[in-house]
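Worksheet: the structure to be examined is printed underneath.
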Amino acid sequence: MPERTRAHTVGLTAAILGLAAVTLLPFATLRSSRIQTGESLSALDALGPWGLVALLAVWLAVAVASLGGMPRIPAAALRGVLGTLALLGTVALSAAAVARLTDPSTPYARVSLGTGAWACIAIAYSLVLASRREDGLPRLARAILSLAAPLGIAVMLATGTLDGLAIMREYANQSDRFWAEVAAQLRFAGIAVTVALVLGTALGVLAFQRPRLRDPVFAVANIFQTIPGLAMVGLLFAPLSWLGSNIPLFGRLGVGGLGWAPVITALTLYALLAIVRNTYAGLASVPAAAVDAGLGMGMTEWQVMRRVRFPLAMPVIFGGMRTAAVQTLGNATLGAFVAAGTLGLFVFGGLSQQAMDLILLGSVALVLLALALDGILRALQGLVSPRHLRGREGAPR
Amino acid sequence: MISNVRRAMVACVAIALITALTACSDAAEDPGADRPSKGTIIIGSKIDTEGELVSSIVKLALEDAGYTVEDKSQTGTTEVVRKAIIAGEIDLYPEYSGNGYWFFLDELTDDEKAGYNVGETGYETTARLDLEANDIAWLEPARANNTWAIAVTEQFAADEGLVTMSDFAAYVNAGKPVKLAASDEFFTSAGNPEFEQVYGYTLTEEQKVRLAGGNTAATEKAVADGTDGVNFGMAYGTDGALADLGLVILEDDLGAQIVYWPTPIVRKAVLDAHPEIADILKPVMESLGLEELQQLNARIQVNGEAADDVARDFLESGRFIE
């Protein structure tokens, strides 16, 4: 007989928060031009009565599915589906609202998602992720729940359903530059993480093998973290500029105070701490029994490192790399400070023009990239963790 | 187990390298690759709408003439951009003729200083001094005065009878409520000090709202919305957002301000190697007047069009490029 459960706290909380977001927070903003502050609209004004009813109905359904008394696994699946519906519904209804709220006589008017809409999306997606983790959910259902919302958004983007929203209007104006800057963001992050991996793992191993070096190495890596991004590239300007003009090879490669050199240098320095620290921690956490066994089998120290310590430390080291990768992806917006582009261009450009949706274009794109990267690395981390060791720090369920 | 680890590590490094390399191939795309290039010019700009616009105009004009242009626009603040051009990191960027007053303040005679209230004399002094001191050549300017100004909402101007800066001085001296939002530069080094001296008023610290950075979008928005009680906001003469936000500029009736003409400036070494740059840009800059600049700025700021598109429209309609 299928288990029945008590009330599901996460589901109920999500339902209450979702209902609050729709009814109490400003749902959308209508501006007469992209630089105006505009007026906030409630969900009723923005979506009309039927749209509001639809959203309320979905959240109420989530509440019902969380009350308990239903079989556990189908309830979780239902909550996941409802979360997806809430997310896609909020976005689609907002896009449809654009036609209701504007007309051809005001071609520069913009409709943006407001706090309430963004909150709905965030709560809905959290609900989907929470439902996905339910024990005993079949793998197919898990996969569908993970992918349904992103796919839905992707389809809406591809078919142009969302083109009326202010954030997409900004995208339309910047589309050539947009993808070039996404590529720049990925390029800088990719190179910096690779370099930091090589350097950081080496430093971590060094700190592990020479205990006296541990504190200095950590201290140095730590210090870099405390320097704010703008200050870091400012400090790097003079030395890199000197290198670029005085060493012909560097000059030809484009080393200088502006461009890729300060960005990659700064990003690598920032990524070091996570990798060094996790390499050390991973190596230090290897059980002495395993090392003894290896030595007993006649392995040299180096063989022990390569065949016993490293593989066992891998989940933790990989966790450090995952942290560094996502952090570096976000930090790459530094490029905008040194004429190297990246999504920071839209964030800071929007800030200086006081155009909120341009800022969102950059930020939302960045968040989506970071989520995607984290997802991919999580999946890879599953491969790296030996099955019988899952549950150790860093290894996913 | 070990082979799994190896596979995963190889996969990660591969992903990182592939990401980096495919994104790197962007650099290999060269729009002018079919024609042999006359040379590469690196263009920078300050981080504001007009800087972006003028650098786009220069970029497209030079590309049309056969040059390869490396776009490093939105480089940084005035200090950063000056450092960059003197260090050779960039070859060209749009500067304002009036800024020469600040760059060379210690060397100017009193006559030369007074000359900055007139566009032509100020431009000539700056051009001469920058060439001597930094080997930077000033090309043809756009004769549109993008100077410091104070803006108010149309409603407020009508209510208080404010049309000129003399009216503003009278308003301040009458002890009426003032909250002026402006950049730090405006309050400390340029803009407000001149106004205070010529019009005879002084602002207390509580009347000043200091913002970081010189982009007037924030100050104009503050005065348009009345945020934090702000009723006066810093603006520049050629700003595009004024009409849309319902703001008017208080006229500088006594001519207190220095004249700032947007001018492309270039490293002398680059100009000597490619003297035709001056001839390409001369007619373009000559046709950029005050209203033209305001409208182009408005298209970027209010309509949200990309600077390159607006620049291309301007150049094509003036028959400067094909």
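Every number in this text was worked out from the coordinates using simple rules, so none of it is lab data. None of these values were measured; they are calculated from a predicted model. Neighbour counts are summed over all protein chains in view; Cβ atoms, including those assigned to glycine, are modelled from backbone coordinates with ideal geometry.
Comparing mean-square fluctuations of B:PRO275, B:PRO262, B:PRO193 from a GNM of chain B with C-alpha springs under 10 Å, the top value falls on B:PRO275. Placing a label point 7 Å from the Cα of B:THR188 along the Cα-to-Cβ direction, the residues of region B:208-252 whose backbone N falls under 15 Å of that point are B:209-214.
Among A:132-138, A:184-190, A:63-69, sorting by the average number of other beta carbon atoms lying within 10 angstrom of each residue, highest first, gives A:184-190, A:63-69, A:132-138. What the Cα atoms of chain A give is an Rg and a Dmax of 25.2, 84 Å.
Could you tally the net charge around A:HIS8, taking each other residue with its Cβ under 11 Å from the Cβ of A:HIS8, Lys/Arg +1 and Asp/Glu -1? Numbers along the way, then the final one.
On the way: positive: A:ARG6, A:ARG72, A:ARG79; negative: A:GLU134.
The answer is +2.
Exposure proxy for B:LEU105, A:LEU101: other Cβ atoms within 10 Å of each Cβ, ordered fewest to most, give B:LEU105, A:LEU101. In this simple spin-label model, placing a label point 7 Å from the Cα along the Cα-to-Cβ direction at both B:GLU196 and B:THR121 gives a separation of 2.6 nm. Specify whether the C-alpha gyration tensor of region A:173-389 places it in the rounded, prolate or oblate class, a ≥ b ≥ c being the square roots of the eigenvalues: rounded for a/c under 1.5, otherwise prolate if a/b is larger than b/c and oblate if not. Prolate. Rounded to 0.05, the FRET efficiency of the A:ALA284 and A:THR161 pair, given R0 = 56 Å and the Cβ-Cβ distance, is 0.60.
Evaluated at q = 0.11, 0.14 Å⁻¹, the base-10 log of the normalised Debye intensity for region A:9-164, with identical point scatterers placed on the Cα atoms, takes the values -0.45, -0.69. When you count the other C-beta atoms within 10 angstrom of each residue and take the mean per peptide, A:255-266, B:203-214 line up highest first as A:255-266, B:203-214. Counting only other chain Cβ atoms within 10 Å of each residue's Cβ, the peptide B:295-305 averages 4. Going by neighbour counts of Cβ atoms within 10 Å, the residues A:VAL10, A:VAL276 line up, fewest first, as A:VAL10, A:VAL276. Among the residues of B:44-54, the average count of other protein chain beta-carbon atoms within 10 Å of the residue beta-carbon is 2. Beta bridges assigned by DSSP with both partners in the protein assembly as shown are antiparallel in approximately 60 percent of cases. With R₀ fixed at 51 Å, the C-beta to C-beta distance from A:LEU44 to A:GLN225 puts the FRET efficiency at about 0.60.
Applying a threshold of 29 Å to the alpha-carbon distances of B:LYS113/B:LYS282; B:LYS46/B:LYS179; B:LYS113/B:LYS176; B:LYS46/B:LYS268 flags B:LYS113/B:LYS176 as lying beyond it.
Under the rule a/c < 1.5 gives rounded, and otherwise a/b versus b/c splits prolate from oblate, where does chain B land using the Cα gyration tensor? Prolate.
For the segment A:183-190, counting C-beta atoms of other chains within 10 Å of every residue's C-beta and taking the mean gives 5.
Rounded to the nearest 500, the 222 nm mean residue ellipticity of chain B from helices alone is -14500 deg cm²/dmol, with -39,500 (n - 2.57) taken per DSSP H run of at least 4 residues. Every helix of 4 or more DSSP H residues in chain A counts as -39500 (n - 2.57), and over all residues that averages to -25000 deg cm²/dmol at 222 nm.
Across all Cα pairs in the protein assembly as shown, the calculated P(r) in 10 Å bins from zero up to the longest distance comes to 3, 12, 19, 21, 19, 14, 8, 3, 1, 0 percent per bin.
Based only on other Cβ atoms within 10 Å, what is the fewest-to-most ordering of B:ILE86, A:ILE359, B:ILE150, B:ILE249?
Details: B:ILE86 14, A:ILE359 20, B:ILE150 23, B:ILE249 17.
By the 10 Å Cβ count, ascending: B:ILE86, B:ILE249, A:ILE359, B:ILE150.
Using a cut-off of under 18 Å, list every residue of region A:162-179 whose amide N is near the label point 7 Å from the Cα of A:ALA99 along the Cα-to-beta-carbon line. Taking a point 7 Å out along Cα→Cβ of A:ALA99, the residues of region A:162-179 whose backbone N falls under 18 Å are A:162-166, A:168-169.
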